[in-house]
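Read the structure below first, then the notes.
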Amino acid sequence: MQWDWSAVGDFMPRFWDGVLTTLQALVFGSLIAFALGLVWALAQRSSLKVVRWPVTAVTEFIRNTPLLVQLFFLYFVLPEWNVTFSALTTGIIGLGLHYSTYTAEVYRAGIDGVPAGQWEACTALSLPRARTWLAVILPQAIRRVVPALGNYVIAMLKDSPMIATIGALDMLGQARQFSAITFLPTEPITVVGIAFILIAYPASLLMRALERRLVR
Amino acid sequence: MTELTGGLWELLFKGVWVTVQLTVFGAALGAFVAFVVGVARTNRLWVVRFLSGLYMEIFRGTSALVLMFWVFFVLPVAFGWQLVPMWAAVLALGLTYGAYGSEIVRGAIAAVPAAQHEAGIALSFSPWQRLVKITLPQAWPGMIPPANNLLIELLKGTALVSVLGVGDIAFGASLVRNALGDSAPVYTIILVMYFVLAFLITRGMRALERQAKAGLGQKPEKGAGVLRKLSGRQQSEVSRDLSSAGGA
């Protein structure tokens with residue numbers, strides 16, 4: 001096994017650029033996933049079949065097909081329809097859309113977990129629907145699911161190198177580019193792999209701690 | 001719009017076969033790893049518990065795609081081990097998803113009532129006999145629903161190998177795309193193919209679950225509506241399975 005520390009040193013500037021891109025994808029992807037997931041979850045509870053069925057079918061479809069293929073779909077098919085985004089933006093949309101179908105399930109479980117008495121109290125107080133949701137149900141539901149949402153952010157972090165396959169220069173993208181120039185794959189890929197563990201492990205410990213505090 | 005010719009369809013169906021193989025072999029290796037690591041995490045010796053926990057955290061902590069790149073590009077250069085691409089892919093998938101699966105095994109073993117374990121000791125079963133004859137048969141039905149979700153994650157994870165040139169569905173699709181110069185039809189087709197495969201896995205696992213529960217004298221849950229049947233995964237498991245989901 002050959003290990004060249006100077007190659008690690010040469011890779012570092014690119015590596016930090018990659019970290020920045022990965023974090024960008026993660027933050028914006030999470031925001032899309034959190035917002036869109038709530039929309040799916042509420043739509044799946046709609047009393048109208050026309051809303052409930054298509055949304056359930058679409059989210060099931062997205063959740064059960066590979067993110068990688070969805071990214072290719074977005075990256076290659078959207079330009080054919082004259083919608084063009086950069087690789088990073090496409091990646092963010094892909095990650096956000098894919099994980100929104102997971103967060104939808106999380107929200108659903110959270111909403112189902114709100115005791116029936118809370119709903120009845122809202123009816124008894126004749127609160128309007130918007131206020132029932134915003135002031136009573138969602139605050140209780142979301143509090144419970146914060147750790148679960150966090151776990152999906154970690155899962156998204158681990159899926160984020162897929163955006164390198166459509167040309168975004170995240171951590172893995174930078175490592176690939178570096179090894180293509182220098183013919184040294186060992187150091188950059190190992191560094192990236194370790195970086196993932198170094199980010200994901202403390203984050204998962206944090207989520208476990210949150211779970212103990214918020215979910216009782 | 002250009003039409004897909006017979007030859008192009010053949011490319012896609014060859015890809016389906018490779019994806020199925022990857023899923024089956026990856027699941028076999030993953031199940032082996034999951035059982036070994038999951039059981040080791042309940043071991044009496046702290047060294048065994050620590051090492052198996054370390055394995056789980058490392059392989060769950062890193063990204064499957066990065067691990068795959070590592071197996072493909074770093075192993076040959078750094079250690080001189082060049083694996084056949086197909087087996088390198090199976091190795092990376094099995095090790096990663098096995099780490100996720102070990103949590104399922106550990107959780108299901110922990111859910112078996114302690115009295116069962118104590119009864120085994122009282123009847124002076126050996127530790128191996130306790131595991132094989134008492135604990136695992138009772139833990140087994142509880143593992144199936146989360147394992148179903150994990151299998152679907154594995155199926156989705158197999159698409160990663162196309163990046164490294166293994167001829168699975170997604171790889172076939174990129175060839176077809178180049179031949180057609182048109183992406184929408186082929187990518188729609190392969191998304192549907194993946195969905196059908198995921199659906200078949202779910203049906204199979206539900207059948208397995210019914211059989212496993214019947215073996216314990218339990219009745220399966222009833223009342224699945226059409227939408228639930230359509231749904232790829234087992235909804236009631238979502239809240240319990242949250243921490244182990246995703247991560248491809």
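The values are calculated or read from the model by the stated rules, or taken from the named source; none is laboratory data. From a predicted model like this one, the values you see are computed outputs, not experimental measurements. Note that we place each Cβ from the backbone using ideal geometry, even for glycine, and neighbour counts take in every protein chain shown. We work out accessible area using only protein heavy atoms, side chains counted, and drop any ligands, DNA or RNA first. Shrake-Rupley method; radii C 1.70, N 1.55, O 1.52, S 1.80 Å.
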May I ask which residue of B:ALA147, B:PHE69, B:GLY172 lies farthest towards the positive end of the charge dipole of chain B, with charges of +1 (Lys, Arg) and -1 (Asp, Glu) on Cβ and the Cα centre as origin? B:ALA147
Rough spin-label spacing in nm, given labels placed 7 Å along Cα→Cβ, for A:ARG212 and B:ALA28: 4.2
May I ask for the distance between the Cα centers of the range A:136-152 and the range B:49-68, given as a whole number of Å? 27
Mean-position separation - Cα centroids, the range B:106-129 and the range A:165-216, in angstrom: 39
Can you give the FRET efficiency to the nearest 0.05 for B:LEU45 and A:ASN82, using r as the Cβ-Cβ distance and R₀ = 45 Å? 0.10
List the residues of the range B:47-75 whose accessible area drops by at least 20 Å² when all protein chains are present, compared with their chain alone, using a 1.4 Å probe and counting only protein heavy atoms. B:GLU57, B:ILE58, B:ARG60, B:GLY61, B:THR62, B:SER63, B:LEU65, B:VAL66, B:PHE69, B:TRP70, B:PHE73, B:VAL74
Computed over chain A: longest principal axis from alpha-carbon atoms vs helix A:186-214 long axis, angle to nearest 10 degrees, is 20
The answer for the range B:6-240, accessible area per residue at 1.4 Å probe in Å², is 46
222 nm mean residue ellipticity, helices alone, for chain A (DSSP H n ≥ 4; -39,500 (n - 2.57); rounded to 500): -27000 deg cm²/dmol
Are there any chymotrypsin sites (Phe, Trp or Tyr not before Pro) in the range A:1-93 that are in a DSSP loop and have at most 16 other Cβ atoms within 10 Å? List them by number. A:TRP3, A:TRP81, A:PHE85
Which residues belonging to the range A:67-90 lose at least 20 Å² of 1.4 Å-probe accessible area when the assembly is complete, relative to their chain isolated? A:LEU68, A:VAL69, A:PHE72, A:PHE73, A:PHE76, A:VAL77, A:GLU80
GNM on chain A, C-alpha springs below 10 Å: top fluctuator among A:LEU88, A:LEU71, A:LEU125? A:LEU125
Expected 222 nm ellipticity per residue - DSSP helices of 4 or more, -39500 (n - 2.57), all of chain B, to 500: -22500 deg cm²/dmol
Residues of B:114-120, mean number of Cβ from any other protein chain within 10 Å of their own Cβ, rounded to a whole number? 0
Taking Cα centroids, how far is the range B:141-211 from the range A:31-67 in Å? 20
List the relative contact order of chain A as a percent without decimals, with contacts defined as Cα pairs under 8 Å and 6+ residues apart. 32
Of A:GLY96, A:ILE111, B:GLY98, which is farthest on the positive side of the dipole of the protein assembly as shown, counting Cα position, with +1 on Lys and Arg Cβ, -1 on Asp and Glu Cβ, and the Cα centre as origin? A:ILE111
Loop sites in the range B:15-80: trypsin sites (Lys or Arg not before Pro), DSSP, at most 14 other Cβ within 10 Å: B:ARG44
Excluding ligands, DNA and RNA, the carbon-plus-sulfur percentage of the accessible area of the protein assembly as shown with a 1.4 Å probe reads 68
Test item: Cα-centred dipole of chain B, Lys/Arg +1 and Asp/Glu -1 on Cβ, debye: 840
Which of A:THR59, A:LEU198, A:ALA25, positive extreme of dipole for the range A:20-214 (C-beta unit charges): A:THR59
On average, how much accessible surface per residue is there in the range A:120-216, in Å², for a 1.4 Å probe, leaving out ligands, DNA and RNA? 48
When the dipole is taken about the Cα centre of the protein assembly as shown, and only Lys, Arg (+1) and Asp, Glu (-1) are charged at their Cβ, what size is it in debye, to the nearest 20? 1820
Just to confirm, what accessible area per residue do you get for the range A:28-105 at 1.4 Å probe, in whole Å²? 40
Return one number: the angle in degrees, 0 to 90 and rounded to the nearest 10, between the long axis of the Cα atoms of helix B:85-110 and the longest principal axis of the Cα atoms of chain B. 30
Report the accessible surface area buried between chains A and B, summing both sides, using a 1.4 Å probe on protein heavy atoms only, in Å² rounded to the nearest 100. 4400
Work out the length of the dipole vector of the range A:157-216 about its Cα centre, built from +1 on the beta-carbon of each Lys and Arg and -1 on the beta-carbon of each Asp and Glu, and round it to the nearest 20 debye. 420
Pairs of alpha-carbon atoms within less than 8 angstrom and 6+ residues apart define the contacts here; what relative contact order does the range B:34-94 have, in percent? 23
Quick one: angle between helix A:138-159 and the longest Cα principal axis of chain A, in degrees between 0 and 90, rounded to 10, please. 20
